[in-house]
Amino acid sequence: MAQGDRTRTRPSRLSRPERLALLAVLIGLVMVAGSVVVLSRTVVDRAVTSVPTADLFGDGGETAALDGPLTGPVNLLLVGVDRPTDQPQRVPRADTVLLVHVPAGLDRAYLISLPRDLLVDIPAFGVSDYPGGVDRINAAMAYGSRVPGRAEPDPVSGFQLLAATVAARTGIDRFDAGVIVNFAGLERLVDAIGGVRMRIDADVRSAHRQPDGRPRPANPDGSGYVGPQAEYKQGERLLSGWQALDYVRQRESLPDGDYGRQRHQRQLVRALAEQVVTRDLVTDPGRLTSVLDAAGTAVVVDTRGRSLVDFAMGLRQIRGDRIVLLDLPGVAVTGGDGEYLGERFTADADGCLAALRAGTLDQFVATRPELVNREK
């Protein structure tokens, strides 16, 4: 089928719940650990042992201890999965894929979203007998998770194939850590830190939630939902866990569709990473315990042979105002009959990735200021 490009307007369809704030979970945790490392080794040990780990890259977790402090540049792969914990038979898909690039100075971070509909070459994967093919990037986790002989899909093996797919498309040879995050744990984390303050940059009506947070009923006469809708008005707002996740799910009412939703996701990540530090958790042991417990239910982590304390110390200079949010612009790809097939990157997006690999992202961004999200 012949393919063509069109503008990045997306077809009208409902999205799945996004599993977000991945960087906030990892960097937010290490900020807490870094803040208290000189005060309480017990708290740091609690942070380390609270977070579940797994071999997310298929290399045995590189369990041999790494000598010396963390050095830059550092690249992290952070993935949100649409799979409720009470539905283990559900095949996981990567609804949120984020790259975090920390330059050599370890004093700032770039947060970059990959569109979940990005058309990519997914490599063959022997673990799940997947032969390889072209598909949207969020399908890689699903293909990798279907392991013969296992009763349930495995998100860990799914992450392994997704990581190989992202590496092939971006040219990033090695990620220094990986994270899978789940919806319920993230909502709990937002509530544990006392909510998250965000700047709502456009009036948004929820397709999924009522004003009191209950799900909207399904439309008995067709697709979608019916009934009253939660609303998020422009301006500074303190959002609870369910409100924050609901707000960053929305795209139908945004002029730039899913790209606007990606922007809101990155804004939530930065807001959480900043507020984990500014909420005085070190002086509030009860709340700190709640945050660590919530983080433990929100994520699965592979730090590839380094401890969480290594990351805490190495990334301790990063704060919310040192996290740069970047757009990777793309266009929609259609078939000859106008059917939507997915997204492809523009030359600017590929140039951004090339600069990341070359260690010149700072210079590239200085020449492309329009790629930076400046909303806070």
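The values are calculated or read from the model by the stated rules, or taken from the named source; none is laboratory data. Just so you know, these numbers come straight off a predicted model, no measurement behind them. Methodologically, a virtual Cβ is constructed for each residue, glycine included, from the backbone with ideal geometry; neighbour enumeration extends over all protein chains shown.
Does the stretch 93-117 hold any residues that are part of a loop (DSSP other than H, G, I, E, B) and modelled with pLDDT under 85, and which are they? Correct list: ARG93 only. Check GLN229, GLN243 and return the single one that is polar (S, T, N, Q) and either outside any loop (DSSP other than H, G, I, E, B) or closer than 17 Å to VAL190 by Cα (or both). Just one listed residue meets the conditions, GLN243. Of all the criteria given as (1) within 23 Å of ARG116 (Cβ to Cβ); (2) free of Cβ contacts under 8 Å to residues at least 24 places away in the same chain, the one not satisfied by PRO329 is (2). Any residue in the stretch 101-116 that is at negative phi and in contact with a Phe, Trp or Tyr (Cβ under 7 Å, 6 or more places away or on another chain)? So far as the stretch 101-116 goes, yes, one or more of its residues are at negative phi and in contact with a Phe, Trp or Tyr (Cβ under 7 Å, 6 or more places away or on another chain). Of all residues in the stretch 59-87, those being farther than 20 Å from LEU98 by Cβ and modelled with pLDDT of 80 or more number 3.
Take ASP121 and decide whether it is modelled with pLDDT of 90 or more, touching a helix residue (DSSP H, G or I) at 6+ places or on another chain (Cβ under 7 Å) and closer than 20 Å to ASP302 by Cβ. No: the conditions fail for ASP121.
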